[in-house]
Amino acid sequence: MMSIVSKAALRRAMPAIASFAVASIVLPGLSGTTAFATETDAVHIASTAPLTGSAAAYGIETMNGVHLAVEEINAAGGVGGKPIKLSEYDDQCDPTPAATAANQIISDKAIVAVVGNVCSSATLAQMPIFGRVGMPVLAATTSSPALSAKGFENFARIIPNDDIQGVASLDLGTKVLGYKRIAVLYPSDDYGQALLAIAKRAAAASGAELVAAETYITGSTNDFSSVLANIAAANPDALFLAGYYADMGAAVSQSVRAFGDKPIPLLANAQTQVPEYVSLAGAAAEGTWVTNVYDINNPSEQNKAFVAAYTKKFNTEPGVQAAAGYDNIYVLKQAIEENKGSTENLMPIIRATKHEGAMGTISFDKNGDNIGGSLVVLRLTGGKWVFDDESTKKLNAH
C-alpha cells in the first residue's frame, strides 16, 4: 500500500519559496556537524521544478527527495570532499517562467548541473537554453518522448519516458483488463499531445479501438461537462486519464453526471497518484487503475533505507516523485566520482552510469532515457492506493 504526502504537508516541510530563484544553500548533514572550508569548494547544482501553481505537489515532493539526498551526502563528507550546494528555481510547470529560470541558471558560471525537472513542457522550453552552454541536465520525472526525439546531447532522466509509461497504462486496460473501446482525456500541451499519440499507437497494437479523444487547456478548464458528454456518447469501455492531478480530479468529480450510475473504469499513470486527485475527484475516483515505475515495497536495501529516512524526516511515505528526486542526486554523485571528482565533460559519464537506487536499476540509453526498472500496478481501493500483484505480473509479462 502506498501513501503519498499531501500538498499541505509538503509545504510545511519546505522553506518559503519565492518565484523563480530561491537562495542558494549548502544543506547541512543530518547530524548538523559536517563542516567544509568555503562555498567555492562546493559542487554547485541547480534544481528547476514547479514549487508553486497547479503542479506544485509534484515539484515539492521531488525537492523533498533532492533535499534528503543532499543532506545525506553532505553528512557523509560530500562528493570527493566537497559539499553539494543547491540553488532552487521555481519553473511553475510553465514554459515561460521555466525559460526565465534556465537563463538565470546559465548566467551563474559556478553551476555545473541541473536536476529535479518535472514537467515536460517546462523542460522542453529549457533544453535549448541549457544546450547553448552544454549544461548537463539530469531530470527527475519529466517524461515526454519529444525530449528523446530532439536529440539533446546534454540530457538524461531518471524515469522511463511515456513511450513506456503511457503504453503501460493502455496495455493494462486492453491486454490485462480486457477493455476494447478506449477514450482519452488529455491536456493540449506537449505532455498531453505526446500521450494522445502514444494511446493511439498502443490501442491499435493491442487490437483495441480509440473511440473518443477529448482535450482541454490545463489549469484553465473548470467545466468538463461538454467533453465528458462527448466521451460518454462514444460508449467507451474505459477512460484513459492522460493529464495532471488537478484537472483529472476535477473531471472525474464531474463524470457522474455524464455516465450516470454506471461509473466508467479509469486508467491513469503516476500523475494521478497523489492525494489531491483523490480529494478532488471524491467517490468517483474509487477503482482508478494506475501504472507506476516505483514501488514503495521494493525490498532492496537502497529503497528500504530511503523509505525509512524519508518517512522519518517528512512524517509520511514517499511516492515516485520523491524517489526520483532522491535518485537524481545519487546518480549525479556517482557520475562525478567516476569522473575522478571532476565536473568537466560530465554528460557522457552520467549516461554511462549504472546506479542501484530507491527506484531500482537506473541506466541510460544513447538518448539519456532510463532503460532499467519495471512497472507496477496499483488500484484506488477505499481511498488508498493498493498494489495489485496479479495485474503487475500480467502487465510485465506482455
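With the helix formula -39500 (n - 2.57) applied to DSSP H stretches of n ≥ 4, the chain reaches a computed 222 nm mean residue ellipticity of -12000 deg cm²/dmol. Against the empirical curve 2.2 N^0.38 Å, the C-alpha radius of gyration of the stretch 318-398 lands at a ratio of 1.38. Between W385 and M2, the built amide H atoms are under 5 Å apart, and every one of these is 5 or more places off in sequence or on another chain. Other residues whose C-beta falls under 10 angstrom from the C-beta of P50 contribute a net charge of -3, scoring Lys and Arg +1 and Asp and Glu -1. Per-residue packing, averaged as other Cβ atoms within 10 Å, sorts the ranges 377-385, 143-151 into the order 143-151, 377-385, beginning with the highest. Remark on the stretch 243-312: Rg and Dmax equal 15.2, 47 Å (Cα only). The Kirkwood hydrodynamic radius of the stretch 104-161, based on inverse pair distances between different Cα atoms, is 11.3 Å. Both the radius of gyration and Dmax for the stretch 36-137 are 13.7, 40 Å, in that order, over alpha-carbon atoms.
Simple spin-label estimate for D261 and D389 gives 3.7 nm between the two label positions (7 Å along the Cα-to-Cβ direction from each Cα).
The amide H of S300, built 1.01 Å from its N in the peptide plane, has no neighbour under 5 Å, considering only residues 5 or more places off or on other chains. I164 sits with roughly 80 Å² accessible to a 1.4 Å probe, with DNA, RNA and ligands left out of the calculation. Of the residues K304, K262, K175, which exhibits the maximal mean-square fluctuation in a Gaussian network model of the chain defined by a 10 Å Cα contact cut-off? It is K262.
Scaled to the compact-protein estimate 2.2 N^0.38 Å, what is the alpha-carbon radius of gyration of the chain, rounded to two decimal places?
Cα-based Rg divided by the globular estimate yields 0.95.
Loop-only check: which chymotrypsin sites (Phe, Trp or Tyr not before Pro) in the stretch 85-174 are DSSP coil with at most 16 other Cβ within 10 angstrom? Hits after loop and neighbour filter: nothing returned.
Computed with a 1.4 Å probe over protein heavy atoms only, the accessible area of H355 comes to about 20 Å². Quick check: net charge around D190, other residues with Cβ under 13 Å of its Cβ, Lys/Arg +1 and Asp/Glu -1? Overall, the nearby charge balance is -2. Across the cross-link table entries K109/K366; K175/K313; K109/K304; K200/K262; K85/K312, which are compared at the Cα atoms, the separations over 32 Å belong to K175/K313; K109/K304. Across the stretch 194-249, C-alpha contacts under 8 Å between residues 6 or more apart give a mean separation that, scaled by the residue count, equals a relative contact order of 36 percent.
Please identify the trypsin sites (Lys or Arg not before Pro) of the stretch 176-206 that satisfy two criteria: DSSP loop assignment and at most 13 other Cβ atoms within 10 Å. Which are they? Sparse-neighbourhood loop trypsin sites (Lys or Arg not before Pro): none present. Relative protection proxy for 283-289, 60-66, 95-101, from highest mean packing down: 60-66, 95-101, 283-289 (other beta-carbon atoms within 10 angstrom). Cross-link partners of K384 among lysines, defined as those whose alpha carbon lies under 19 angstrom from its own and excluding same-chain residues fewer than eight positions apart: K7. In the stretch 67-113, one over the average inverse separation of all distinct C-alpha pairs is 12.3 Å, which is the Kirkwood hydrodynamic radius. The HN-Hα couplings worked out from phi for the stretch 77-87 by the Karplus form 6.51 cos²θ - 1.76 cosθ + 1.60 (θ = phi - 60°) are x, x, 10, x, x, 10, x, 8, 9, 10, 10 Hz, whole numbers, x standing for Gly and Pro.
Note on N396 and S225: the model spin-label points, each 7 Å out from Cα along the C-beta direction, lie 4.5 nm apart.
For the stretch 340-398, the list of GluC sites (Glu not before Pro) that fall in a loop by DSSP and count at most 12 other C-beta atoms within 10 angstrom reads E344.
Based on C-alpha pairs under 8 angstrom that are at least 6 apart in sequence, the chain has a relative contact order of 19 percent. For the set L346, L280, solvent exposure ranked by accessible area (probe 1.4 Å, protein chains only) runs largest to smallest as L280, L346.
The values are calculated or read from the model by the stated rules, or taken from the named source; none is laboratory data. None of these values were measured; they are calculated from a predicted model. A quick note on method: Cβ atoms are made from the backbone with ideal geometry, for glycine too, and the neighbour counts reach across all protein chains shown. These area figures cover heavy atoms from the full protein model, side chains too; ligands, DNA and RNA do not enter into them. Shrake-Rupley method; radii C 1.70, N 1.55, O 1.52, S 1.80 Å.
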